[in-house]
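A short worksheet on the structure shown next.
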Amino acid sequence: MALERCDVEKLAHLARLGLDDAQINSSTASLNAAINMINAMQAVNTDGITPLANPLEANQRLRPDTVTESNHRDDYQALAPAVENGLYLVPKVID
Amino acid sequence: MHQLTLTDISKALAAKQFSARELTTHLLARIEQLDPQLNSFITVSKESALQQADAADELRSSGINAPLLGLPIAHKDLFCTEGVRTSCASKTLDNFIAPYTATVVDKLNKVGCISLGKLNMDEFAMGSSGETSFYGPSKNPWDTQRIPGGSSSGSAVAVAARLVPASTGSDSGGSIRQPAAFTGLTGIKPTYGRISRWGMTAYASSFDQAGFLAHNAEDCAMLLQATAGFDERDSTSAQQQVDDYAAALSLPLQGLRIGLPKEYFSSDLDSRIGDVVNNSIEQLKQLGATFVDISLPSLPHAVSAYYVIASAEASTNLARFDGVRFGHRCENPQNLEDLYLRSRDEAFGKEVKRRIMIGTYALSTGYYDAYYLKAQKIRRLIKNDFVSAFKDVDLILGPTTPNLPWLIGSKIDDPVAAYLEDIYTVPANLAGIPGLSMPAGMIDGLPVGVQLLAPYFQEARLLQVAHQFQQHTDWHARTPAGF
């Protein structure tokens with residue numbers, strides 16, 4: 001099933017990418033080409049096959065519930081576009 | 001000095017033939033002189049490199065003779081380096097000074113390696129040509145009109161041009177092995193989880209694996225020894241004993257059974273590369289290895305499965321670049337939504353946006369089963385193919401790439417053509433097994449790589465075979481003209 005322009009607009013919104021008209025047009029063509037290539041895998045019989053998420057099939061390791069990290073707030077906030085009094089600033093969310 | 005391998009340099013520093021400062025000064029001058037035509041470095045750490053060199057020389061004069069003390073290296077720009085820009089070759093991180101150091105870099109610093117700087121790459125490691133970098137493409141020193149491969153493009157170019165004797169790279173779908181093949185280097189991608197991912201910016205978390213590009217297997221063994229092992233800060237780090245890689249190098253190949261998968265020798269393969277692979281097979285036969293024809297039947301679907309899962313993981317990982325906590329933020333956002341939309345649109349290049357969109361599609365309601373889950377099932381079939389093959393053979397051998405490095409710009413508008421170039425490298429990442437590319441011939445003045453694949457955690461076997469091959473060939477010792 002080929003993607004239409006409106007599908008690509010929806011995907012761009014889901015991915016929070018503010019693409020302009022030209023980008024939506026070029027993305028529609030290139031995404032369809034990529035999805036065509038990917039669709040070849042639909043011919044493979046995978047009945048009864050368990051999906052593989054981790055190549056080593058490892059389980060998530062647990063650790064004791066203790067504090068191991070020290071506070072690096074100031075170091076990390078030094079990298080932020082806008083901070084004030086230890087808080088990250090964003091445009092007004094609630095009127 | 002710049003023609004020496006890491007192993008040579010280690011011996012020369014121990015014998016006090018030159019100091020770490022002399023070597024570092026020499027290489028920094030070469031970078032300044034030659035890199036403008038290659039574009040392999042994003043950041044050159046001149047002052048800190050000289051400080052590290054002086055510290056190494058002081059330690060040596062106090063009687064310390066550690067093997068990696070004073071060895072110069074440079075890092076792919078996705079490894080966090082405290083106090084040094086870590087850009088991932090993306091506009092969004094152009095001003096990002098890492099607040100901590102990646103485990104792999106930290107381990108190399110602690111054994112005395114000197115970091116000359118940070119290397120160019122495809123943006124967020126998404127690409128196999130080096131062309132998606134925000135800082136412009138790196139050029140292949142064997143022919144500067146051509147791509148060096150990617151995504152560890154700068155890592156390959158800097159070593160091939162003798163600007164640094166070895167580099168770190170990362171390999172999620174071939175990003176060490178393919179550029180190593182295209183530039184005449186030895187590149188190793190260890191087993192998934194063998195080297196810590198902590199501090200290595202995530203592209204596709206279930207594939208990403210750090211590794212090295214160097215001139216020979218002996219140098220790769222030295223670097224792997226210093227960096228492999230469990231790290232509690234990486235939740236997918238493997239709790240597996242680290243072998244003695246140097247000890248494995250000198251073992252003879254007698255009795256070794258190597259599988260030749262028929263799917264690696266299909267019509268997709270440039271027949272001249274096929275000839276190079278066949279020559280390497282003859283060479284290894286003379287050294288005592290025996291060859292067996294095998295089949296990996298699910299391999300033709302590896303590229304599809306890889307681009308679904310990797311893109312899905314990328315779309316999730318890159319959600320963190322929201323213009324709030326770090327990275328690029330657009331001017332005068334009207335509201336929070338506008339901040340996200342414009343910051344991300346302005347900050348990411350075409351290929352990164354494409355993969356975020358493919359991943360978003362594969363994970364979206366109604367398509368999850370048909371794409372993401374289907375690809376994970378194919379991933380299991382590919383893993384099963386390898387597990388089954390390794391019941392009968394010790395190693396697998398084939399070409400690293402189906403074609404020679406292409407002209408810069410020639411595939412930039414045809415992403416699918418570029419994706420299909422990964423056909424021989426992505427299967428190892430899907431299965432999580434280790435792989436190595438070694439130089440095995442030249443065609444029209446361009447290097448050709450042969451790939452070795454081994455069972456989980458059998459990096460020693462890869463290094464052994466490559467080292468024995470390199471004792472009887474000189475493809476790995478060639479230097480591009482002018483460098």
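Odds and ends about this structure:
- A:Glu69 - accessible surface, heavy atoms, 1.4 Å probe, Å² rounded to 10: 120 Å²
- DSSP assigns beta bridges within the protein assembly as shown; of those with both partners inside it, close to 75 percent run antiparallel.
- Label point distance in nm, B:Gln145-A:Asn85, each placed 7 Å from Cα along Cα→Cβ: 6.4 nm
- In order through the stretch B:36-41: 3J(HN,Hα) via Karplus (6.51 cos²θ - 1.76 cosθ + 1.60), integer Hz, x for Gly, Pro: x, 8, 10, 6, 8, 9
- Overall form of the stretch B:26-112 per C-alpha gyration tensor (a/c, 1.5; a/b vs b/c): oblate
- Relative contact order (%) - criterion: Cα under 8 Å, at least six apart; region: chain B: 18 percent
- Accessible area in square angstrom per residue, chain B, 1.4 angstrom probe: 32 Å²
- Carbon-plus-sulfur accessible fraction, chain B (probe radius 1.4 Å, protein heavy atoms only): 49%.
- Ranking of B:Arg380, A:Arg63 by solvent-accessible surface, largest first: A:Arg63, B:Arg380 (1.4 Å probe, protein heavy atoms only, all chains present).
- Here the label points at B:Ala15 and B:Asn109, each 7 Å from Cα along the C-beta direction, are separated by 3.2 nm in the simple model.
- Residues B:Gln3 and B:Asn65, FRET efficiency given R0 of 25 Å [Cβ-Cβ distance, rounded to 0.05]: 0.60
- Annotation for the B:A interface, with buried accessible surface near 5000 Å², both sides summed [1.4 Å probe; non-protein components not counted].
- Checked against a 27 Å cut-off, the cross-linked pairs B:Lys285/B:Lys411; B:Lys91/B:Lys383; B:Lys11/B:Lys110 give Cα-Cα distances beyond that limit for B:Lys285/B:Lys411; B:Lys91/B:Lys383.
- Per-residue HN-Hα couplings for the stretch B:175-187 [Karplus 6.51, -1.76, 1.60; θ = phi - 60°; Hz; x = Gly/Pro]: 5, 9, 5, 5, x, 4, 4, 6, 10, x, 10, 9, x
- Environment charge of B:Arg146, counting only residues whose C-beta is closer than 15 Å and scoring Lys/Arg +1, Asp/Glu -1: -3
- Under 12 Å from B:Lys353, Cα to Cα: aspartates and glutamates that are on another chain or at least 8 residues apart: B:Glu123, B:Asp345
- Qualifying GluC sites (Glu not before Pro) in the stretch B:296-352, where qualification requires a DSSP coil assignment and no more than 16 other C-beta atoms within 10 Å, comprise B:Glu331.
- Global geometry of the protein assembly as shown, whether rounded, prolate or oblate, following the gyration tensor of its Cα atoms and the 1.5 cut on a/c: oblate
- With all protein chains modelled, accessible area of B:Ser267 [1.4 Å, Å²]: 120 Å²
- Residue with peak Gaussian network fluctuation, chain A [Cα springs, cutoff 10 Å], from A:Pro64, A:Pro55, A:Pro81: A:Pro81
- Accessible surface calculations at 1.4 Å, restricted to protein heavy atoms, place chain A at 68 Å² per residue.
- For the stretch B:282-324: Kirkwood Rh in Å [reciprocal of mean 1/r, alpha carbons]: 14.4 Å
- Between helix A:21-39 and chain A: long-axis angle, C-alpha atoms, 0 to 90°, nearest 10: 60 degrees
- Which of B:Asp392, A:Asp21 is most accessible, then next, and so on - probe 1.4 Å: A:Asp21, B:Asp392
- Anisotropy class of the stretch A:20-94 from Cα gyration tensor, a/c 1.5 cut: oblate
- The loop-placed chymotrypsin sites (Phe, Trp or Tyr not before Pro) in the stretch B:1-83, going by DSSP, that have at most 16 neighbouring Cβ atoms within 10 Å of their Cβ come out as B:Phe18.
- Mean residue ellipticity, 222 nm, helices only, chain B: the sum of -39500 (n - 2.57) across DSSP H runs of n ≥ 4, divided by residue count and rounded to 500, is -11000 deg cm²/dmol.
- Cα-based Rg and Dmax for the stretch B:132-240, where Dmax is the largest Cα-Cα distance (Å): 13.8, 44
- Between A:Asp20 and B:Glu82, the FRET efficiency estimated from the beta carbon spacing at R0 = 35 angstrom works out to 0.40.
- Translational D in µm²/s for the stretch B:381-483 (Stokes-Einstein at 20 °C, 1.002 mPa s, Kirkwood Rh from C-alpha pairs): 139 µm²/s
- For chain B, alpha-carbon Rg relative to the globular expectation (2.2 N^0.38 Å, N residues): 0.92
- Computed E for B:Thr365/B:Ser271 - FRET, C-beta separation, R0 56 angstrom, nearest 0.05: 0.75
- Partner shielding of B:322-331 amounts to 4, given as the average count of beta-carbon atoms from other chains within 10 Å of each residue beta-carbon.
- Trypsin sites (Lys or Arg not before Pro) restricted to DSSP loop in chain A with at most 13 other C-beta within 10 Å: A:Arg61, A:Lys92
- Accessible area of A:Glu84 (1.4 Å probe, protein heavy atoms only, ligands and nucleic acids ignored): about 110 Å².
- Distance between the pseudo-spin-label points of B:His26 and B:Asn403 (7 Å out from Cα toward the beta carbon): 3.9 nm.
The values are calculated or read from the model by the stated rules, or taken from the named source; none is laboratory data. Remember, predicted model here, so these are calculated numbers, not experimental data. Please note: Cβ atoms are built from the backbone with ideal geometry, for glycine as well, and neighbour counts cover all protein chains shown. Note: areas computed on protein heavy atoms with side chains; ligands, DNA, RNA excluded. Shrake-Rupley method; radii C 1.70, N 1.55, O 1.52, S 1.80 Å.
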